[in-house]
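Before I ask anything, let me first share the structure, which is written out below as structure tokens.
The values are calculated or read from the model by the stated rules, or taken from the named source; none is laboratory data. From a predicted model like this one, the values you see are computed outputs, not experimental measurements. When we count neighbours, we look across all protein chains shown, and the Cβ atoms used for this are built from the backbone with ideal geometry, even at glycine. The accessibility values were calculated without ligands, DNA or RNA, using every heavy atom of the protein model including side chains. Shrake-Rupley method; radii C 1.70, N 1.55, O 1.52, S 1.80 Å.
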Amino acid sequence: MTTLKLPNPAPSENSYANPAIFWYQTWEEATQTSAKLQKIWLEALNEAFRHELEFLSAIAPFYSKLANCLLGFEGPQTPASLASCYHQLAGDMTHATFKRMHKVSKLNKDLRERIWCEL
């Protein structure tokens with residue numbers, strides 16, 4: 001059984017005379033760059049998913065508190081208590097949403113910086 005011997009990756013005057021070696025060198029450079037760019041993109045996607053999971057874990061207790069308010073577990077239900085509970089939860093949800101939007105808006109800038117540094 002024979003083994004495949006890859007050409008020497010260092011360019012020389014003779015290596016450009018053989019088209020296969022020239023093709024291999026340019027192909028190797030292109031695939032390394034595209035693999036690095038794909039890694040950067042996947043890292044950014046991972047961060048986006050992590051931020052979404054943080055947001056979902058932050059808003060889950062709000063829905064539980066809202067259910068407790070609506071079902072009357074926190075005391076007698078009156079229109080004023082329901083409105084107070086709803087406004088408090090709406091403020092907390094707004095804060096969590098703005099925090100999420102801030103993190104997501106930074107992802108685009110971070111991704112551009114990573115790609116620019118790679119290029």
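Just to be sure I understand, how many residues within segment 83-117 are touching a residue at least 40 places away in the same chain (Cβ under 8 Å) and in contact with a Leu (Cβ under 8 Å, 6 or more places away or on another chain)?
Summing the residues that are touching a residue at least 40 places away in the same chain (Cβ under 8 Å) and in contact with a Leu (Cβ under 8 Å, 6 or more places away or on another chain) in segment 83-117 gives 1.
Oh, and also: Sort out which residues of segment 33-49 are of a type outside the set (A, V, I, L, M, F, W, C) and either under 14 Å from W116 (Cβ atoms) or modelled with pLDDT of 90 or more (or both), and write them in order of number. Please lay out each step first, then the result.
Applying the first criterion (of a type outside the set (A, V, I, L, M, F, W, C)) to segment 33-49 yields 33-34, 36, 38-39, 43, 46-47.
T33, K36 - these are the residues of segment 33-49 that are of a type outside the set (A, V, I, L, M, F, W, C) and either under 14 Å from W116 (Cβ atoms) or modelled with pLDDT of 90 or more (or both).
Please work out which residue is farthest from E47 (Cα to Cα), limiting yourself to segment 75-102 and to residues that are open to solvent by less than 100 Å² (accessible area, probe 1.4 Å) and of a type in the set (D, E, K, R). Step through it out loud before you land on a result.
So in segment 75-102, the residues open to solvent by less than 100 Å² (accessible area, probe 1.4 Å) come out as 75, 77-78, 80-85, 89-94, 96-97, 100.
Adding the requirement that they be of a type in the set (D, E, K, R) leaves 92, 100.
Values: D92: 23, R100: 12 Å.
The selected residue is D92.
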